[in-house]
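Every read-out reported here was derived from the displayed coordinates using simple, explicitly stated rules and does not represent laboratory data. Not measured: the values here are computed from a predicted model. Counting neighbours? That spans all protein chains shown, and the Cβs are built from the backbone with ideal geometry, glycine included.
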Amino acid sequence: MSSRPLPSTGRTVVRPATAAGSVVPEEAITPLIHGIAVLRRLTEADGAASPSGLERATGLARSTVDRITAALARGGYVRLDGRDAVLAPRLMELGNAYLAALRLPRVLDPLADALADDLDESVSLAVRDRDGVRFIHQATRRRAMSLSFRVGDLLPAERTAPGALFASEWTEEEWARWRERRTADPEDRGFPAVPARSRPYETGSDDSAFPAAQRPTVGDDFEQRAAEAGRVGWALDDQLIEPGLVALSMPVREAGRIACVVNVVSHTSRHDAAGLRDALLPRLRTAVAAMERALEAPDVLDVRAAPGPSPTPSPTPGPTEDPAGPAGPERSMEPGWEFVESPVRGLTVITAFGEGRGELGLAAVARATGLSRASAHSALITLEHLGYVTTHDGVFRLTPRVLGLGFPPLSRASLSEIAAPYLTELSQRLQDSVSFAVPAGDEIQYTGHVSARGAMSVHVTVGTRLPAYATAVGRAILADLPETRAAEALAGGTAGADSRADVIAPERFRAELDRVRTDGYALVEGELAQGLRCLAVPVRDRDGRTVAAVNVAMHTGRRTVEACVDDVLPELRATAARIEADLHIAGRFSRVRRT
Ligand code: PHB
C-alpha cells in the first residue's frame, strides 16, 4: 500500500446502482453511508488518501470527511498517518465475515492451492457479484508479464471467462440490467481493477476500418459466449482484459447452482487460449469434481473462528483505539448507546455474520452486536440499500460487495507492512530503536527498523542478515523451533569465522533457549556492538507458530537489566500482541507475505 493521494483525473465517478434503487430509505443511517463512501474511495486509492482527495472523490464536506475518518480510526478500521487516512488490517474483519459466512473458501482454498501447485499456473476462485465477478481466492504464480488480480477485485462479467459461465444462468431481467450498465459506463470506469475498455474485440483486428462509434468492443459477443459456456460447461478468456492474459474456467456447483468458478490463468507466452484448454481441461475437470465432493461432505466448523464481533485485539489500548472499547453486547446498557451516531456501529453489523452464521434474522443480529432491534434494523436497511446485504423472508445475508471494503489492497499487505506503524509507535513511546526480523535459514533478516531520535540511536539496515543464534530476535525465534533445528542453527551459524563461536557452547545455548521459551523474551548483551543491549519477543501466527520477532535496542547505560524487564518488556509485548492481532485477521483467508 502506498501513501498517495487519490489521482485527480477529473474522470466521472461512476456510482454503482444500489440494491433498492436510488432513493435513500428514511431509516438509513447517514454516518454509515458516509463511512462506507470513505472506505470505498480509500480502497480504490490503493489504501491511502489525503483528506482533500477524499473530499473530492466522495463529494462530502471536509468537516464530514474529518469526522468520519476520525470515527473509523477510533474503531480501528483506518489509521491516521499525518493527515492521510490509511486502511488498517482490522478492516479485513468485514471481508472475513463474508468469506466465513460463504463457507466456500474454507473448503475450496486448499484444493485451489493444490491445483495451482499441480499445474504450475495461477488459479483463482470467483463468485458472481450482480453483473460482475469478484475474486474470493487467488493462488498466484508470480510471473513477470501478467497483471494479477487481488481477492475482492471486481471485474465486468463480459471481460472474463467466469462471467460467461455465471451469465449462462441470467434471467432476461438480468441481461437487461447488464445492457443498461454497458450503455451507462461504456469504458468500464466502474471497475477500477481493469484497464479501460477501448480495445477492439478481435485482437489484432484493424480497428481503423470502423468509425470510432461503430467499433466493436470487448463484450459485444458476450451473449453468444455465455450461451456457449452454458452448453459446454467451461469458458475461455482470450485476452479480454489485456493482451497476453488468458484463462480457462469451470463452474463448481452446489445443489445444482453455480456456487463459484475456478479459473486457471496463464499468459500467451506459455499457452494460447486453445492450447490452455487442450492441455489443462481434463485436470481442471478432475479438480472441480473433487471440489464438488468436498462441498457435499458434512461440515465441520473451524473452532478457532469466533462467532459474532471480535473484541478489541490489543491487550492494552493504543492511541488509535477507542478508549471505550469495541461495540459488543457488554456495552448495550451504556447510556447513549442506542444513538447510532458512528459509522463503526453500523459496520459492526457485518461482523455479526460468519462461520455457521451465513443467514441471520434481525434478533440474531441485534444479539450479536449489542444494538437495539431498531438500531440493528436501521443498519441492515442502510447496508441493504448500499448493496452489502440482501434480505429474503426476514433473513439477511452478506453480499460479495463487502469485499470491496478494503480487501483488495489489505490482502496484499506483508508482515513488515502490518508491523511498521506499531514499530514507529513503540520507538516514539520508549525513545529507543526498534527492529523487526523474520527467520531466513540459520539467519534472521531485518524487515523493519525505526531508529530512535538522538545521538545514542542504533541503526540497522533493512535487509541485513545476521546469524540467528547471536541476536535477541534470532533467539526469540529459535526458542520456538524443535531443539534439533535450534542446535543446527547454532552449528551452522558458528561454522564460519564468527568471534562468538567460542563463547556460546551448545549446552549453554540450549539452556538459554529454555529460559527464553519459559520467560517469553530474549535478552542479549553486546549484540551488534559493545555496550548495546537487545530485548526481543516472538510474533506468532494464527496457528501459534513464531514467524517473526520484535526487538528494542538500547545502550546498557540507559537502564538496568531490571528496569529493562520491568518497563520495556511490557511495552514490547503489547506491541507484539498488536501485530499478532492484525496478522491473525489478515491471515484468516489470505497468506500474508513474510517479508
Ligand atoms: C484471474 O484470476 O486473474 C482471472 C480469472 C479469470 C479471467 C481473467 C483473470 O477471465
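Shown here for region 111-164: trypsin sites (Lys or Arg not before Pro) in loop regions (DSSP other than H, G, I, E, B) with at most 14 other Cβ atoms within 10 Å, namely 142, 143. Overall, the anisotropy analysis places region 547-595 in the prolate class: the square-rooted eigenvalues a ≥ b ≥ c of its C-alpha gyration tensor yield a/c not less than 1.5, with a/b exceeding b/c. Label-to-label distance, residue 363 versus residue 561, with points set 7 angstrom from Cα along the beta-carbon direction: 6.2 nm. With the Cα gyration tensor of region 73-189 giving a ≥ b ≥ c as the square roots of its eigenvalues, does the rule (a/c under 1.5 for rounded; else a/b larger than b/c for prolate; else oblate) give rounded, prolate or oblate? Oblate, since a/c reaches 1.5 and b/c is not below a/b. Taking other C-beta atoms within 10 Å as the exposure proxy, 534, 260 rank 534, 260 from fewest upward. How much net charge surrounds residue 555 when only other residues with a Cβ under 13 Å from its Cβ are counted (Lys, Arg +1; Asp, Glu -1)? Spelling it out: positives minus negatives among the neighbours equals 0. Fewest neighbouring Cβ atoms within 10 Å first, the residues 22, 122 line up as 22, 122. Gyration tensor over the Cα atoms of region 104-296: the corresponding equivalent ellipsoid has semi-axes (square roots of 5 times the eigenvalues, largest first) of 26, 19, 15 Å. Residue-wise HN-Hα couplings along region 79-92, as the Karplus relation 6.51 cos²θ - 1.76 cosθ + 1.60 with θ = phi - 60° gives them from phi, are 10, 9, 10, x, 8, 6, 9, 10, 5, 9, x, 4, 4, 5 Hz; Gly and Pro carry x. The residues packed around residue 128, meaning those with a beta-carbon under 12 Å from its beta-carbon, carry a net charge of 0 if Lys and Arg are +1 and Asp and Glu are -1. What net charge is computed for the residues neighbouring residue 363, neighbours being all others with C-beta under 15 Å from the C-beta of residue 363, Lys and Arg scored +1, Asp and Glu -1? Neighbourhood net charge equals +1. All alpha carbon pair distances within region 349-429 were sorted into 5 Å bins beginning at 0; the resulting P(r) in whole percents reads 3, 13, 20, 18, 11, 9, 10, 9, 5, 1, 0.
Value of Rg to Rh for region 415-586, rounded to two decimals, is 0.94; Kirkwood radius and Rg both from alpha-carbon coordinates.
Karplus-based coupling profile of region 248-264, in residue order and whole Hz: 10, 10, 9, x, 10, 9, 9, 6, x, 9, 6, 7, 7, 10, 9, 10, 9, with θ = phi - 60° in 6.51 cos²θ - 1.76 cosθ + 1.60 and x standing for Gly or Pro. Taking other Cβ within 10 Å of each residue's Cβ, how do 342, 63 sort, fewest first? Going from least to most buried by this count: 63, 342. Distance between the pseudo-spin-label points of residue 395 and residue 184 (7 Å out from Cα toward the beta carbon): 3.0 nm. Calculated FRET efficiency, residue 373 to residue 117, Cβ-Cβ distance, R0 = 56 Å: about 0.70 to the nearest 0.05. Take every Cα pair under 8 Å whose residues are at least 6 apart in sequence, average their separation, divide by the length of region 104-296, and the relative contact order is 24 percent.
Using the Cα gyration tensor of region 10-139, with a ≥ b ≥ c the square roots of its eigenvalues, what is the shape: rounded (a/c below 1.5), prolate (a/b larger than b/c) or oblate (neither)? In terms of gyration-tensor shape, prolate.
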